[in-house]
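First comes the structure, then the notes that go with it.
The values are calculated or read from the model by the stated rules, or taken from the named source; none is laboratory data. Since the structure is predicted, the reported quantities are computational estimates derived from the model, not experimental observations. Note that each Cβ is placed from the backbone with ideal geometry, even for glycine, and that neighbours are counted across all protein chains shown. Surface areas here come from the heavy atoms of the whole protein model, side chains and all, with no ligands, DNA or RNA. Shrake-Rupley method; radii C 1.70, N 1.55, O 1.52, S 1.80 Å.
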Amino acid sequence: MDASPSKRTPSSDAPSLVAEASSKPLFAASLADERKQELRQAISALQAELSTQLSARDALLSESGMTVEQARKLNDQNIDRLHRYNDIKDAAQTL
């Protein structure tokens, strides 16, 4: 192979590729790091909100003397009643 100045050899390409490669990932990495930090902050905020809501739920349940299972059962019963009501209402409207 001819090693003339017009042809590039792998060793002559290496420094320019390294410079290009190192500049792009640094910028992309900084954006990715910023995004990761934003996501971590959002996750922390959501975890704090969830903790607050769970504490409020537990306080309400303890005031009413119910357990979580009892509250879920009551909620399911109310949903069933609403479905039955809507079915009756729909039948009455067709008459």
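Couple of notes before you dig in:
- Condition check for residue 25: part of a helix (DSSP H, G or I), surrounded by fewer than 10 Cβ atoms within 10 Å (Cβ to Cβ) and modelled with pLDDT under 90: no
- Residue within the range 67-86 that is assigned to a loop (DSSP other than H, G, I, E, B), modelled with pLDDT of 85 or more and either open to solvent by less than 100 Å² (accessible area, probe 1.4 Å) or of a type outside the set (Ser, Thr, Tyr) (or both) present: yes
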